Each structure stands twice: as C-alpha cells, then as structure tokens.
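Input: a single structure, listed below in structure tokens.
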Amino acid sequence: MRTSRTLLGLALALALSVIAPTSSVVGPAASQAQEAAVATVAPHRPRTTRRARTPRRPNSASIGFAFRGRLRRAVHLDESALIRHAGEYRAGGNFYGTTELVGLLERAAAQVSRRLPGARLSVGELSRQSGGPIPGHRSHQNGRDVDIAFYMLDGAQHPYDPYAFAAFDRLGHGITPNESLTFDDARNWELVARLVADADARVQYIFVADTLKQRLLRTARRRRAPSRVITRAEAVMVQPAHGHPHRNHFHVRIYCPPGDRPACEDREPYHAWYPGTPPARASAAEDAAAASD
Ligand SMILES: [Zn+2]
C-alpha cells in the first residue's frame, strides 16, 4: 500500500512536470516577444555565465604604423554602464580600435569601477573604422591609440562626466574655464595601474603632462601600489617633447598585437613587457615620428 502510494506520487509529479511548460501562461509567441525585447535592450551581453559575458569579436588587424596605417575588422567601443563617449567627439564617430585596445579599455573601466565605484570612463577618439588619418591627430591611424578624459570631480566632490577634455594644473585644480573641477587622483591612478598591468594589450605610451605624472606617482605610493606597477607606470607616462603637453587627457598607445605583426609595425621604445622579440632598430627620425599623438 505504502509503495503504491509512493509510485502514484511519482507518476503524478512526472505528469505535472511534463504538463507544466505547455500549460504555462507564457506561450511560445509570448516568449519569442520577450526574447526580442531582451535582445533590443542588451544585444550581446547575456548574464548567465562568465564566458557569455565576453562578447565574441572579430580578429582585428592593425596595419602599418600608428602615424601611417590602416585598420581591418575593427571593433567598436560601445557605451555602457562604465564607459561613455565624450560629447565633443560623438559626432565624429571615431570609436574603432583593435580587439585588444577595446578589450583593454573595458577591462580598465571595470577595474576602476570595482575599486572606486560611481564613475564612468569618458573616452575621446580612437580610430576610424578602416583607419587612416583623422583631423587633429598625427597617430590614431591603426586602432592602437585612444584619448581618454581624466576622471574628475565637481565642486561637491562627485564624479563629473565632461562634454570636452578639461585641463588641470600641478595641484590638480581645473584650469579656466573649469576652476570648479578637481583631478580625481585615486581613480586616475587606478586607471593607469590597470592599463600598464594588462596582460593582453601591452601599453607603450601614456602621454600625459609631467606635473600630472608626478601627482599620479605620489598617489600610487600613498595607495601602496605594487612597485612593479609603479615602475611600469613611470616608464610609460611621458610628456611629449613637442606639441600638446597633455594637461587635459591621457593618450594611450598599445604595441602591435603579436598576431598582427609584421604587417603591424612598432617603433622604439621597446619596454621589457614588449610581447615577443622587438624588431630591428629603425631610424631616429622614424622613432620621433612614432612618438607623436
Ligand atoms: Zn591622442
């Protein structure tokens, strides 16, 4: 008797589990509509597994030099909860980079937000979809350069999303007409730290004014950053000898991804973290041209 009651229960449970999906209030048409709605809101970021979170991307190809080059199968840097396009550069639409550069920016923005939540990374221009010259830049030609606004705070010390890049003096105060803004030492340092420590995209340059570089290194020591990271940051942060002093943004360049070489060409300096074997030495003139923004 006892056994047959258990069997009956089992049979009932089985029957219910078979019936349940078809008798659900959400019919096939409704669930299709739901899927479509979800797809409209979040095209390629299903949140089920860790793997699914990384969007599948084309194998981009960076060709030539940063100052004379092209870009194939470019990846668009999308806006997100952590990244925004600075308003001034929106119309130009030059937000294309190599797979490596776009991934680097996404990882860096996520890391800064994890450590110091509440701000978005404001990004200026990367490259055109097919690369080549962009007005106002010498480089940015093959998807390996990006201009990034500094993280900044408003008068109430809240993160501020700028329309355009804002310049800061050595004390971290905004320069006219941005006197109410402050250079966000902690977030800007975390950004630099994450950029230089990335394993997939190796940073060659971060152009930034020397006064701000010194502020960032002081912040790094105060925050007890690992000495390995400070050494790298000290090596890659450079105020360009000629032209723009970079008091209002970081210009970041990554080395050619190994898979894109030798069509993709680097120039000195080759830091210890250069991926693979550095190419033969180029002329000093070409090195100088390569060290431009
Ligand atoms: Zn630049």
Most exposed first, judged by fewest Cβ atoms within 10 angstrom, Thr99, Thr211, Thr231 run Thr231, Thr211, Thr99
Put in order of increasing Cβ neighbours within 10 Å, starting from the fewest, Tyr255, Tyr89 give Tyr89, Tyr255
One finds, for Asp169 and Leu116 with R0 = 25 angstrom and r their Cβ-Cβ distance, a FRET efficiency to the nearest 0.05 of 0.65
Between Gly131 and residues 5 or more places away or on another chain, the pairs with built amide H atoms under 5 Å apart involve Leu71
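What does the charge count near Ala86 come to, summing +1 for each Lys or Arg and -1 for each Asp or Glu among other residues with Cβ under 13 Å from its Cβ? Intermediate values should be presented prior to the final figure.
Working: positive: Arg84, Arg90, Arg120; negative: Glu79, Glu88, Glu125, Asp147, Asp161.
Value of the local net charge: -2.
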Once phi for every residue in the stretch 144-155 is put through the Karplus expression 6.51 cos²θ - 1.76 cosθ + 1.60 (θ = phi - 60°), the whole-Hz ³J(HN,Hα) values, with Gly and Pro written as x, are 10, 10, 8, 9, 10, 5, 5, 5, 9, 10, 7, x
HN-Hα couplings for the stretch 174-183 via Karplus (6.51, -1.76, 1.60; θ = phi - 60°), in whole Hz with x for Gly/Pro, come out as x, 8, 2, x, 10, 4, 7, 9, 10, 5
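Highest mean first, what order results for 213-223, 141-151, 122-132 on Cβ atoms within 10 Å? It would help to have the intermediate numbers written out before the result.
On the way: 213-223: 16.7, 141-151: 27.4, 122-132: 22.3.
Highest to lowest by the protection proxy: 141-151, 122-132, 213-223.
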For Arg224 and Ala288, extending 7 Å from Cα along the Cα-Cβ vector and measuring point to point gives, in nm, a value of 4.6 nm
Given Cβ charges of +1 for Lys and Arg and -1 for Asp and Glu, the option among Gly131, Leu153, Gly103 whose Cα lies farthest towards the positive end of the dipole of the stretch 54-290 is Gly103
Sorted by chain and number, the residues with a modelled amide H under 5 Å from that of Gln204, at a separation of 5 or more or across chains, are Arg253, Ile254, Tyr255
Answer in debye to the nearest 20: the dipole magnitude of the stretch 54-290 about its Cα centre, from +1 Lys/Arg and -1 Asp/Glu charges placed on Cβ, is 580 debye
Quick calc of log₁₀ I(q)/I(0), the stretch 54-290, Debye, one scatterer on every Cα, no solvent, q values 0.09 1/Å, result -0.34
If amide H atoms are modeled at 1.01 Å from N in the peptide plane, then the residues at a separation of 5 or more from Arg138, or on another chain, having amide H under 5 Å from its own are Asp293
For the stretch 232-248, in residue order, the Karplus 3J(HN,Hα) values (coefficients 6.51, -1.76, 1.60; θ = phi - 60°; whole Hz; Gly and Pro = x) are 4, 4, 5, 6, 8, 7, 9, 8, x, 5, 10, x, 4, x, 6, 8, 10
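Read-outs throughout are calculated quantities, based only on the coordinates presented, and are distinct from any laboratory measurement. Quick caveat: nothing in here was measured; it's all calculated off a predicted structure. Cβ coordinates were reconstructed from backbone atoms using ideal geometry, including for glycine residues, and neighbour counts include every protein chain displayed.
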